[in-house]
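Each remark here refers to the structure printed beneath this line.
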Amino acid sequence: MANEKKLVEAITPINEDFAQWYTDIVKKAELVDYSSVKGFVILRPYGYAIWENVQHILDGMFKDTGHSNVYLPLLIPESLLQKEKDHVDGFAPEVAWVTHGGSEPLAERLCIRPTSETLFCEHYQHVIQSYRDLPKLYNQWCSVVRWEKTTRPFLRSREFLWQEGHTMHETREQAEFETQQMLGVYQALCEKHLMIPVVAGKKTDKEKFAGAEATYTIEAMMHDGKSLQSGTSHFFGDGFARAFEITFTARDNTLQYPFQTSWGLSTRIIGAIIMTHGDDNGLILPPAVAPIQVVVLPIAQHKPGVIEAAGALRDRLKAAGLRVTLDDSDQSPGWKFAQYEMKGVPLRVEIGPRDIENNSCVIARRDTGEKVTMSLDALEDSVRQQLDALAQNLYDRALANRVKRSRSCADYGALEQAVAEQAGFYQTGWCGDVACEETLKEKLEISSRCMPFAQERVSDHCVVCGKEAKHTVVWGKAY
RNA sequence: CGGGAUGUAGCGCAGUUUGGUAGCGCGCUUGCUUUGGGAGCAAGAUGCCGCAGGUUCGAAUCCUGUCAUCCCGACCA
């Protein structure tokens with residue numbers, strides 16, 4: 001092929017080998033580098049900047065809902081982790097232990113936090129005395145360690161960055177409200193900012209968090225039809241409070257246990273962004289979190305006036321509040337086009353001698369590849385419109401993929417056929433018995449993703465055993 | 001944790017069968033010419049051949065171990 005692209009920067013086609021495509025993207029878009037320890041990755045400036053933007057948006061939403069940030073220790077004494085039985089059973093197999101201080105063995109070994117429920121409980125036990133001390137609405141930004149066997153950048157690493165909210169409430173109802181409210185915050189982050197449509201619902205008992213009474217989740221469908229659990233919110237009832245002896249004096253002067261929630265969202269969300277929006281040319285970033293929203297590229301930049309015009313253009317867009325970069329390096333225009341497409345920059349603005357003469361510029365969209373010539377007079381408005389249209393298109397495309405890959409199956413035969421046809425979401429009736437869940441895992445290699453809040457009656461019968469259906473469940477293969 | 005594959009220059013790879021001076025392409029540096037879809041010419045620089053043992057006069061190459069990465073399963077954000 002005479003016009004074949006240079007192989008150096010080429011990425012594996014998305015529909016040829018999705019896993020390899022993903023790996024190519026995270027490396028070539030310079031999001032991460034591997035370290036010498038399995039499962040521990042280096043977040044490079046461009047990848048970390050995406051996380052910072054996610055953090056900024058989410059943190060604002062947490063503050064708006066009355067939460068405060070705190071920081072708790074990295075290490076948890078073994079005895080503290082042991083206090084709640086379900087919790088320790090769930091996490092013990094995958095925690096990392098600190099056994100020595102210098103060369104001296106420790107009297108009690110310490111685990112590196114896999115999550116901080118136990119630490120928050122210990123602290124809450126100290127600071128909660130009265131109903132006047134409630135609610136406690138805390139959040140922390142930190143990293144946690146879980147000794148995973150299989151690791152992949154963003155999707156599953158042994159250390160990952162996240163936020164974990166931990167709250168305590170006077171009543172069951174208030175804690176339940178909080179649990180749902182924070183899931184709603186995650187849903188808004190995904191759908192309004194990251195342009196990722198999600199299915200919100202409740203986890204089955206088999207899939208819920210260790211120690212929780214109920215776990216709620218948002219599930220996003222990736223380009224290949226697999227599901228990614230993108231954020232979870234847990235309702236604990238007063239189980240941990242009882243285990244940790246956290247009590248408060250209620251309004252009626254009785255001693256009560258407070259009700260607790262926790263909720264988390266991690267850098268895994270960056271994996272969701274990649275696998276939802278990306279294409280054969282690389283990453284496509286939603287404008288809300290793109291480190292560079294607009295790249296300005298001068299054409300024939302050595303000709304008089306071009307660099308100056310490009311600089312003026314950048315300054316105008318910056319003044320308009322956009323994250324914009326001017327690339328006046330000596331690379332050829334074609335190289336730069338490909339480079340910024342790889343990195344998923346939403347809009348490219350080209351300006352060359354021809355444009356300067358016409359008081360115009362060329363705006364190219366990353367999602368459609370469309371190029372339009374625009375007058376410089378209304379530059380800011382044009383760019384904003386294009387960014388909004390791009391964001392909407394990302395959402396619409398992702399939703400279309402999910403719709404195309406979603407099936408409602410009334411009986412086992414239909415489910416089996418749907419699974420064989422394409423990866424996706426399969427909605428069925430379910431009796432509520434974990435045995436039926438395990439049957440589907442074994443035979444069809446699918447797991448329950450959630451029982452959607454928007455319950456749609458698919459069948460009166462469980463898809464496996466045929467008994468009365470108590471819930472509608474969305475099944476799928478998950479990352 | 002099982003099954004498969006791979007570690008050689010920043011990236012992609014050849015060289016390993018049959019042990020004998022470390023190679024190619026791209027990138028990088030410098031200079032000139034270029035610039036609306038991955039530019040051209042010229043001159044340069046870059047290697048503990050993943051790591052540790054062993055065999056040998058001699059190891060990128062043979063043996064043992066180990067670490068890491070990728071893919072596929074089982075487990076998890």
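Throughout, read-outs are computed from the coordinates displayed, never taken from laboratory work. None of the values given here were measured: they were computed from a predicted structure. All Cβ positions, glycine included, derive from the backbone under ideal geometry; neighbour counts span all protein chains shown.
What is the Cα radius of gyration of the range A:381-479 over 2.2 N^0.38 Å, N being its residue count? Before the final figure, lay out the partial values.
Values: Rg = 16.8 Å, N = 99, 2.2 N^0.38 = 12.6 Å.
The reported ratio for this selection is 1.33.
Evaluating kT/(6 pi eta Rh) at 25 °C and 0.890 mPa s, with the Kirkwood radius of the range A:97-216 over Cα pairs in the Stokes-Einstein relation, gives 142 µm² s⁻¹. Here the label points at A:Glu445 and A:Val127, each 7 Å from Cα along the C-beta direction, are separated by 4.7 nm in the simple model. Bridge orientation summary for chain A: considering DSSP beta bridges with both residues in this region, about 80 percent are antiparallel.
Of the Cα atoms belonging to the range A:275-345, the radius of gyration and Dmax stand at 13.1, 42 Å. What's log10 of I(q)/I(0) for chain A at q = 0.08, 0.10 Å⁻¹, Debye sum over Cα points only, no solvent? The Cα Debye sum returns log10 ratios of -0.57, -0.85. Once the Cα atoms are used to define both axes, helix A:434-444 deviates from the longest principal axis of chain A by about 40 degrees.
On full extension, the segment bounded by A:Lys303 and A:Arg109 gains 63.1 nm, given 0.36 nm per residue less the C-alpha separation.
Around the Cα centre of the range A:151-247, unit charges on the Cβ atoms of Lys, Arg, Asp and Glu (plus for the first two, minus for the last two) sum to a dipole of about 480 debye.
Spin-label model, A:Glu370/A:Ser332: points 7 Å from Cα along the beta carbon direction are separated by 2.9 nm.
Cross-link check: pairs A:Lys85/A:Lys202; A:Lys136/A:Lys470; A:Lys318/A:Lys371 evaluated at a Cα-Cα cut-off of 26 Å; pairs beyond the cut-off: A:Lys136/A:Lys470. In chain A, helices alone account for a calculated mean residue ellipticity at 222 nm of -10500 deg cm²/dmol, with every DSSP H run of four or more residues adding -39,500 (n - 2.57).
Under 5 Å from the amide H of A:Val70 lie the amide H atoms of A:Asn139, A:Gln140, A:Trp141, each residue being 5 or more positions distant or on a separate chain, with H modelled from the backbone and absent for Pro and chain starts.
3J(HN,Hα) along the range A:446-451: 10, 10, 6, 8, 5, 9 Hz, from the Karplus curve 6.51 cos²θ - 1.76 cosθ + 1.60 with θ = phi - 60°, whole Hz, x for Gly and Pro. Could you give the angle, 0 to 90 degrees to the nearest 10, between helix A:306-319's Cα long axis and the longest principal axis of the Cα atoms of chain A? Long axis of A:306-319 versus the principal axis of chain A: about 30 degrees.
Efficiency by 1/(1 + (r/R0)^6): what FRET value for A:Lys404 and A:Ala478, r their Cβ-Cβ distance, R0 = 22 Å, to the nearest 0.05? E(calc), rounded to 0.05, equals 0.70. Excluding same-chain neighbours fewer than eight residues apart, the lysines reachable from A:Lys38 by a Cα-Cα span under 21 Å are A:Lys27, A:Lys28, A:Lys149. Summarising the amide proton neighbourhood of A:Trp475: residues at separation of 5 or more, or on other chains, whose placed amide H is nearer than 5 Å comprise A:Tyr426, A:Gln427, A:Thr428, A:Arg449.
Compared with the dominant Cα axis of chain A, that is its longest principal axis, helix A:172-188 is turned about 20°. Ordering A:Pro298, A:Ala29, A:Phe236 by the projection of their Cα atoms onto the charge dipole of chain A, which places +1 on the Cβ of Lys and Arg and -1 on the Cβ of Asp and Glu, puts A:Pro298 at the extreme positive end. FRET efficiency for the A:Ala454 to A:Thr325 pair, using the beta carbon distance and R₀ = 41 Å, is estimated at 0.50. Projecting the Cα atoms of A:Gln55, A:Ala92, A:Ile11 onto the dipole axis of the range A:1-108, where Lys and Arg carry +1 and Asp and Glu carry -1 at the beta carbon, places A:Ile11 farthest toward the positive end.
Highest average first, the peptides A:77-90, A:348-361 ordered by how many other beta carbon atoms sit within 10 Å of their residues are A:348-361, A:77-90.
Here, the range A:37-76 is characterised by an Rg to Rh ratio of 1.11, where Rg is the alpha-carbon radius of gyration and Rh the Kirkwood radius.
The dipole here belongs to chain A: it is taken about the Cα centre, uses +1 on the Cβ of Lys and Arg and -1 on the Cβ of Asp and Glu, and is about 420 debye. When each of the peptides A:38-45, A:412-419 is scored by how many other beta carbons lie within 10 Å of its residues on average, the order from highest to lowest is A:412-419, A:38-45.
Computed over the range A:1-131, the convex hull of the alpha-carbon atoms projects to a mean area of 14.5 nm².
In order along the range A:56-72, the phi-based Karplus estimate (6.51 cos²θ - 1.76 cosθ + 1.60, θ = phi - 60°) of 3J(HN,Hα) comes to 4, 5, 5, 4, x, 5, 5, 5, 4, 9, x, 8, 10, 8, 9, 9, 10 Hz; Gly and Pro are listed as x.
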